[in-house]
Amino acid sequence: MEDYEEQYEETLSIKELCLYILRGWRPLLIAVLVGAVLLGGFKLVSGLAAGEELVMTEEELASAQSTIAGNETTIANDQTSLTAKQAELEGLEQTLADYQSTLELAMAVENVDGEMILTILELNDTIASVQSQISSANQSINSQNSEISSLQSTPESLRASMEETVSNFSMKDVIVYAIVGAVLGFLVVCVVDFCRWFFGGTLRGPEVLADRYALPLLGSVYYPYTEEQEKKRNKLDRLLDRLSGIEKPEPEKEYALTAAKLQVLSKEGRRLMVTGTLEKQRLEEVCQALNQCLPADGQTAFAAENPMRDPDAMLQVSGCDILLVEGVRKSRSAEVDELFRFLHLSQANIVGTFML
């Protein structure tokens, strides 16, 4: 028993797995396209959204630049007015200095003119007023300068934001995301198919029993397509099936060849038990087809349910030649193992296998 298990481990072929995945190329192609569209579309939509934000940023930048220009004009006007007031102030201060000199001279000779004193007082008031205006103009200029500094920093930050947004989006990014999405879609389908292939728990092909138990495969009528599915197959499907060793069988020819092999391999005078883990109805159909090909005066076949579930069949295995009949993607590997282990321990003569 250990020998055939070790031999079975060696038959896990990467080629077989790859062909199994490629035979399902339609869902594989759909997954690739869906992955590319989803990730590529996500990147494209996010880039377009960033482009809309970029348009609003341009408007904000134009508004800020317009405000700066207006404030700069205001400052220029204020500076012109300030220059004029400073010149006026200098003239008034000079006039005041002259009057003060005249006043001091008059006081020295004790000849003070009242009108001169009034003029000096009025000049002092005028100077105070001009100084107040100059102070107000200086405050206005300082305020405008602060606002300009703030507005000048705003467009610079907006430009940096615009440059960053533009640099973070391009059609190259969309293509890269689409390729990544296609690869992810491909890998998802490959992982799912691998799990179905490796962990399915059923016989994966007609040759599995022959490889696993070192038994001859006497015949097979396995074909994975119904008549409706056969009509939809194209050249690529047929090529992949040919590479996988899948051909449409001719049932009558297969049963006739199997019957001939049974006559050669079976021991004379022994009945042929057709058994396996499939339903008894399927076993009876195989048995009936073989009996039609076997000679009437020679060996005859009879269908027996799985000996592990039928005591009568279990008692007959030692006196019969055994033909194991199983179904691809239908027979459970664990049940077949259990049946073969029993037949092996009972030293039953298993002449070969037949696959449905």
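The values are calculated or read from the model by the stated rules, or taken from the named source; none is laboratory data. All figures in this text were calculated on a predicted structure; none of them were measured in a lab. Note that each Cβ is placed from the backbone with ideal geometry, even for glycine, and that neighbours are counted across all protein chains shown. Side chains are part of the model used for accessible areas, which takes the heavy atoms of the whole protein and leaves out ligands, DNA and RNA. Shrake-Rupley method; radii C 1.70, N 1.55, O 1.52, S 1.80 Å.
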**Request:** State whether one or more residues within segment 307-320 are modelled with pLDDT of 85 or more, touching a strand residue (DSSP E or B) at 6+ places or on another chain (Cβ under 7 Å) and acidic (Asp, Glu).
**Result:** no
**Complete:** Within segment 204-260, the count of residues that are out of contact with any strand residue (DSSP E or B) (no Cβ under 6 Å at 6 or more places or on another chain), open to solvent by less than 60 Å² (accessible area, probe 1.4 Å) and in a loop (DSSP other than H, G, I, E, B) comes to 12
**Message:** For segment 312-326, which positions are open to solvent by less than 10 Å² (accessible area, probe 1.4 Å) and out of contact with any Lys or Arg (no Cβ under 9 Å at 6 or more places or on another chain)?
**Reply:** Ala313, Val317, Ile322, Leu323, Leu324, Glu326
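Considering every residue within segment 189-202, establish whether at least one is part of a loop (DSSP other than H, G, I, E, B), among the aliphatic types (A, V, I, L, M) and open to solvent by 50 Å² or more (accessible area, probe 1.4 Å).
The first filter runs over segment 189-202 and keeps only residues part of a loop (DSSP other than H, G, I, E, B), leaving 200-201.
Cutting the leftovers down to among the aliphatic types (A, V, I, L, M) gives us none.
No, because not a single residue in segment 189-202 is part of a loop (DSSP other than H, G, I, E, B), among the aliphatic types (A, V, I, L, M) and open to solvent by 50 Å² or more (accessible area, probe 1.4 Å).
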**Prompt:** Considering segment 21-50 alone, what residues qualify as being open to solvent by less than 60 Å² (accessible area, probe 1.4 Å) and either within 18 Å of Val176 (Cα to Cα) or modelled with pLDDT under 80 (or both)?
**Reply:** Ala31, Val32, Gly35, Ala36, Leu39, Gly40, Gly41, Lys43, Ser46, Gly47, Ala49, Ala50
**Message:** Conditions first: (1) open to solvent by 50 Å² or more (accessible area, probe 1.4 Å); (2) at pLDDT 70 or above; (3) under 30 Å from Val183 (Cβ atoms). Ser66 passes all but one, so which condition is the exception?
**Reply:** (3)
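Given the criterion surrounded by fewer than 22 Cβ atoms within 10 Å (Cβ to Cβ), without any contact (Cβ under 8 Å) to a residue 60 or more places away in the chain and not in a strand (DSSP E or B), identify the matching residue among Arg309, Arg329, Arg282, Arg341.
Arg309
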**Item:** Residue satisfying condition, being closer than 28 Å to Tyr225 by Cα and touching a residue at least 24 places away in the same chain (Cβ under 8 Å), within set Val317, Val336
**Value:** Val336
